Amino acid sequence: MTEATLPTDSDLPATLDPRRAVLPPGLEPVEPSYRWALRLRLMLGWLPLLIGALVLDSVALEGAPLRGLASGVVALVGLAAVVIGPQRIWRRLGYALGERELRIVRGWLFHVDTIVPFVRVQHLDVARAPLDKLVGTASLIIHTAGTHNSVVTLPGLAPPRAIELRDRIRAQIKTDWQ
Amino acid sequence: MSGEPGAIPGPITGADANPGAPAPAHADAAAPPPRERLHPLSLVAGLGTVFKQAWAALAGGIFLAAQGQTGFALLLVGVATLGTLGSIAVRLLSFSYRIDVDEIDLASGIINRNERSIPFDRVQDVNIEQNPIARLIGLARVKLETGASAGAKDEDGVLDSITLARAEALRDRIRAHRAGAPGAGLAPASSAAASTAEANADAETEAIFAMTPRRLLQLSVFSFSLAIVGALFGVAQTYGDALGLDPFDPDFWRANLERVGPLQNLVLANRAVTAGFGIVTLLLAGLLTGFVRTVPREWGFTLTRTETGFRRRRGLLTLTDVVLPLKRVQAAIVASGPVRRHFDFAKLTIQSLARDSGSGDHSIAPLATGPEIERIIAAMGWPALPDEGAPWQRPSRAFIASGLVPAAIFLLLPAVVVTAIILGRDDWAAALGGAGPTQFSLLAAGLWLGAMALLSLLRILDWRHRRHCIADARLYVRRGWWRRGLVILPLDRIQSVDLRRPFWKRWFGIADLRFGVAGGSGFAAHRIEALRSDEAYALRNALLEPVR
């Protein structure tokens, strides 16, 4: 089930080593730098919560028992999410470009394994948000006609790889038609 | 109207722009065609948008000016106008496109950079729009629709704006490409524009299904509904105080009866009769609601087969005449409730790509018997529905347990909390008839067990009525024991397949499949729940076989 994907000299078992992707056979992990995009995004998400908790603690809860608990908990949980979360998300995010379909696998808590046949692709985007530019990744976005799941996103690709994937999928659309 | 059409044919990128033949003409050229930009005059064409967006600011400005604060007024209007103009200018500077041999590339955004690639094969519709200002300066806004369902919020491809000549060249190029593609109509989302015209030219053949007045009456009886009572209740609750109406207060009726006088004694003496009258009134109201809701809509329902699809006519006051090309049918749903099923009736709906009619679901037989539904399905050229002998598969038995465990936890939490609160207060326990803490805990546990037993029963019933099979390149999914439904999904209409295994389902070793299908009302995806994991993977492979 697992395969080592990054050069690592640690003796940790594959299931515990954060530098190894845990993916079904045949799937490629996305760029390791995607972890930093996730980390920055998590930081940006937790920062307002932390500030809110600090303000609450210092203004509203003056003299209350257990003052500082809220900030402490938010800080701890946020820190844990920022430190632990990204590589766990990265380890479980993989894709496989097949002959006729793209497969995207993600998540452990909410594991989702999506297959989009190329015949069904309507159009394709390669998108780069500011965080993507910062860490050097890009997202491939696939639009299908389905009402459910009409936009399938594969984040964390190296920009040349994203463009290569797009071109290969586009070539498939072409051959199916002519 | 469009100025000199040949004046600005080529790219307008800058000094080195080649003013020769339009880019798409050299389809055989090896070098990729150059990137092009929007026309600088888009800024002028966008003035309409500027006014539209700035009208609130304008109103505010006038208000401020009337109060003598002219400076503020000018500032407000200026900021609003410049903001919109600025956004157009930013788009103008950041947007570029390239018309390739068989696709168009759109690149947009500065901070959020997005490069979109739209193959010509997938373009359903090319809309060329010109507002009055754009017409004056010969510009046009081009909208490419691909049939992707992201919806109105995200337009598939918009060029705002380019010269009309360029827009027409692009449209002709896409049209020529589509005409040259032999497989046109292959993709499920295709031919949205073409099919309507085709279907209109069809000669119709025969009526497949029609609602006789008798059938219509049956349908109206089956549509019995007490929704009106609920609605009246709601009205009485909301506006009752203001209107002086409170039908749930005995005094209200007593006061009214007193006004009538001698009748009061009669009514009060024969309460049973009054209650009987009440029930009859309720029944009549329910029947009338069903009648009003169905008869005007389904009056004269006829479904005829045309060359390319179905044509449905119905309606008493609002006559509708809808053409449903079979090429655009994505799925069919046979549904029936307990009463209809008892009389062997069901309803047939098809899910189709239909942006024209709002929801993508079309009822093509509101109330039909089994043989009639079979006839309609045969008329669609679809294989007959599989019978009991077909290789039906059931979901895993873990379906039952996997649904009960979360329910047990959700029910347990409030039960424990309520019990704890009640036991924590002596006076509350006394109010409950002097029951001791043990008795009360037992009572709570009993209630919890009872609820769980009921839920288990429902879940088992649910499981027993779920099954699916693949036959004749179609997926059939049956579900529901109270309201039953059968979904018929042609395999080549599946846009994408999700296999979902959240952690609690993984513990049970099961997985869900969800299908992306175009059209439909979009409330819930077609899905198969609680398959054994290995079966789910195998089924997904089987489903995707036709497109591999």
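The values are calculated or read from the model by the stated rules, or taken from the named source; none is laboratory data. On a predicted model such as this, the values are computed, not experimentally measured, just so you know. We place every Cβ from the backbone using ideal geometry, glycine too, and count neighbours over all the protein chains shown.
Yes or no: A:Gly156 more than 12 Å from chain B (Cβ to nearest Cβ), surrounded by fewer than 18 Cβ atoms within 10 Å (Cβ to Cβ), of a type outside the set (Asp, Glu) and farther than 29 Å from B:Leu491 by Cα?
Working: more than 12 Å from chain B (Cβ to nearest Cβ): yes; surrounded by fewer than 18 Cβ atoms within 10 Å (Cβ to Cβ): no; of a type outside the set (Asp, Glu): yes; farther than 29 Å from B:Leu491 by Cα: yes.
Against the criterion (more than 12 Å from chain B (Cβ to nearest Cβ), surrounded by fewer than 18 Cβ atoms within 10 Å (Cβ to Cβ), of a type outside the set (Asp, Glu) and farther than 29 Å from B:Leu491 by Cα), A:Gly156 does not qualify.
How many residues does the stretch B:283-339 contain that are in a strand (DSSP E or B) and among the polar types (S, T, N, Q)?
Going through the stretch B:283-339, the residues in a strand (DSSP E or B) turn out to be B:302-305, B:309-314, B:320-325, B:329-336.
Next, only the ones that are among the polar types (S, T, N, Q) stay: B:302, B:304, B:320, B:330, B:336.
Of the residues in the stretch B:283-339, 5 are in a strand (DSSP E or B) and among the polar types (S, T, N, Q).
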Worksheet item: With respect to A:Gly78, is the statement that it is over 29 Å from B:Gly157 (Cα atoms), within 14 Å of chain B (Cβ to nearest Cβ) and surrounded by fewer than 20 Cβ atoms within 10 Å (Cβ to Cβ) true?
Response: no
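With the structure loaded, tell me whether A:Val112 is within 14 Å of another protein chain (Cβ to nearest Cβ), surrounded by 20 or more Cβ atoms within 10 Å (Cβ to Cβ) and either small (Gly, Ala, Ser) or in contact with a strand residue (DSSP E or B) (Cβ under 6 Å, 6 or more places away or on another chain) (or both) or whether it fails that test. Steps first, answer last, please.
On the way: within 14 Å of another protein chain (Cβ to nearest Cβ): yes; surrounded by 20 or more Cβ atoms within 10 Å (Cβ to Cβ): no; either small (Gly, Ala, Ser) or in contact with a strand residue (DSSP E or B) (Cβ under 6 Å, 6 or more places away or on another chain) (or both): yes.
It is false that A:Val112 is within 14 Å of another protein chain (Cβ to nearest Cβ), surrounded by 20 or more Cβ atoms within 10 Å (Cβ to Cβ) and either small (Gly, Ala, Ser) or in contact with a strand residue (DSSP E or B) (Cβ under 6 Å, 6 or more places away or on another chain) (or both).
Here are B:Ala227, B:Ala242, B:Ala231, B:Ala236: which of them is loosely packed, with under 11 Cβ neighbours inside 10 Å and either modelled with pLDDT under 75 or assigned by TED's automatic domain parsing to the domain that holds B:Arg271 (or both)? Explain how you work it out, then say what you get.
Values: B:Ala227 fails: loosely packed, with under 11 Cβ neighbours inside 10 Å; B:Ala231 fails: loosely packed, with under 11 Cβ neighbours inside 10 Å; B:Ala236 fails: loosely packed, with under 11 Cβ neighbours inside 10 Å.
From the options B:Ala227, B:Ala242, B:Ala231, B:Ala236, the qualifying one is B:Ala242.
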Discussion item. Checking the structure you have, find out if any residue of the stretch B:269-281 is at pLDDT below 90, of a type in the set (D, E, K, R), assigned to a helix (DSSP H, G or I) and surrounded by 13 or more Cβ atoms within 10 Å (Cβ to Cβ).
Written reply: no
Worksheet item: Is it the case that some residue within the stretch A:133-140 is surrounded by fewer than 23 Cβ atoms within 10 Å (Cβ to Cβ) and within 7 Å of chain B (Cβ to nearest Cβ)?
Response: no
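If we scan the stretch A:89-109, do we find a residue that is aliphatic (A, V, I, L, M), more than 20 Å from A:Ala138 (Cα to Cα) and assigned by TED's automatic domain parsing to the domain that holds A:Ser150? Don't jump to the end; show me each part of the working.
Our first condition is that a residue be aliphatic (A, V, I, L, M); within the stretch A:89-109, this holds for A:89, A:93, A:96-97, A:102, A:104-105, A:109.
Next, only the ones that are more than 20 Å from A:Ala138 (Cα to Cα) stay: A:109.
Imposing the further condition that a residue be assigned by TED's automatic domain parsing to the domain that holds A:Ser150 reduces the set to A:109.
Yes; the residues of the stretch A:89-109 include at least one that is aliphatic (A, V, I, L, M), more than 20 Å from A:Ala138 (Cα to Cα) and assigned by TED's automatic domain parsing to the domain that holds A:Ser150.
Could you list all residues from the stretch A:123-175 that are part of a loop (DSSP other than H, G, I, E, B), farther than 29 Å from B:Leu353 by Cβ and either of a type in the set (Phe, Trp, Tyr) or in contact with a Pro (Cβ under 8 Å, 6 or more places away or on another chain) (or both)?
From the stretch A:123-175, those part of a loop (DSSP other than H, G, I, E, B) are A:129, A:136-137, A:145, A:147-150, A:158; that's our starting set.
Pick out the ones that are also farther than 29 Å from B:Leu353 by Cβ and you get A:129, A:136-137, A:158.
Selection gives A:Gly136, A:Thr137.
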Fill in: Pairs where the first residue, in the stretch A:117-132, is within 7 Å of chain B (Cβ to nearest Cβ) and the second is acidic (Asp, Glu), C-beta under 6 Å, 6+ apart
A:Pro117/A:Glu101; A:Val119/A:Asp176; A:Val126/B:Glu115
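Kindly provide the set of residues from the stretch B:79-122 that are in a loop (DSSP other than H, G, I, E, B) and within 9 Å of chain A (Cβ to nearest Cβ), ordered by number.
Pass one, the stretch B:79-122, residues in a loop (DSSP other than H, G, I, E, B): B:95, B:100-102, B:109-112.
Hits for the stretch B:79-122 are B:Asp102, B:Gly109, B:Ile111, B:Asn112.
Please determine, by comparing only the residues of the stretch B:282-315 that are farther than 19 Å from B:Gly230 by Cβ and either of a type in the set (A, V, I, L, M) or in contact with a Cys (Cβ under 6 Å, 6 or more places away or on another chain) (or both), which one is surrounded by the most Cβ atoms within 10 Å (Cβ to Cβ). Give the steps one after another, and end with the answer.
Filtering the stretch B:282-315 for residues farther than 19 Å from B:Gly230 by Cβ gives B:295-315.
Now restrict to residues that are either of a type in the set (A, V, I, L, M) or in contact with a Cys (Cβ under 6 Å, 6 or more places away or on another chain) (or both): B:295, B:303.
Working: B:Val295: 17, B:Leu303: 23.
Among those that are farther than 19 Å from B:Gly230 by Cβ and either of a type in the set (A, V, I, L, M) or in contact with a Cys (Cβ under 6 Å, 6 or more places away or on another chain) (or both), it is B:Leu303.
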Worksheet item: Of the numbered conditions (1) modelled with pLDDT under 90; (2) within 13 Å of chain A (Cβ to nearest Cβ); (3) surrounded by fewer than 16 Cβ atoms within 10 Å (Cβ to Cβ); (4) within 17 Å of B:Pro395 (Cβ to Cβ), B:Ala542 satisfies every one except a single condition; which is it?
Response: (1)
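Would you call A:Ser71 of a type in the set (Ser, Thr, Tyr), more than 30 Å from A:Ser58 (Cα to Cα) and either without any contact (Cβ under 8 Å) to a residue 24 or more places away in the chain or at the interface with chain B (Cβ under 10 Å from one of its Cβ atoms) (or both)? Spell out how you get there, then give the answer.
Working: of a type in the set (Ser, Thr, Tyr): yes; more than 30 Å from A:Ser58 (Cα to Cα): no; either without any contact (Cβ under 8 Å) to a residue 24 or more places away in the chain or at the interface with chain B (Cβ under 10 Å from one of its Cβ atoms) (or both): yes.
No.
Take the residues in the stretch B:513-528 that are crowded, with 21+ Cβ neighbours inside 10 Å and assigned to a strand (DSSP E or B); name whichever of them is modelled with the lowest pLDDT.
Here is the first cut: in the stretch B:513-528, the ones crowded, with 21+ Cβ neighbours inside 10 Å are B:513-520, B:526, B:528.
Then keep just the ones that are assigned to a strand (DSSP E or B); that gives B:513-518, B:526, B:528.
Details: B:Leu513: 93, B:Arg514: 90, B:Phe515: 89, B:Gly516: 85, B:Val517: 84, B:Ala518: 80, B:His526: 87, B:Ile528: 92.
My answer is B:Ala518.
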Worksheet item: Is the stretch B:120-135 home to any residue that is modelled with pLDDT of 85 or more, closer than 18 Å to B:Arg178 by Cβ and surrounded by 22 or more Cβ atoms within 10 Å (Cβ to Cβ)?
Response: yes
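Taking the options A:Arg170, A:Arg91, name whichever one is among the basic types (Lys, Arg) and either facing chain B (nearest Cβ under 8 Å) or touching an Asp or Glu at 6+ places or on another chain (Cβ under 8 Å) (or both). So that I can check it myself, show each step before the final result.
Numbers: A:Arg91 fails: either facing chain B (nearest Cβ under 8 Å) or touching an Asp or Glu at 6+ places or on another chain (Cβ under 8 Å) (or both).
Sole residue among the options that is among the basic types (Lys, Arg) and either facing chain B (nearest Cβ under 8 Å) or touching an Asp or Glu at 6+ places or on another chain (Cβ under 8 Å) (or both): A:Arg170.
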Worksheet item: Out of all the residues in the stretch B:473-511, which are surrounded by fewer than 20 Cβ atoms within 10 Å (Cβ to Cβ), within 14 Å of chain A (Cβ to nearest Cβ), assigned to a strand (DSSP E or B) and touching a Lys or Arg at 6+ places or on another chain (Cβ under 9 Å)?
Response: B:Pro490, B:Arg500
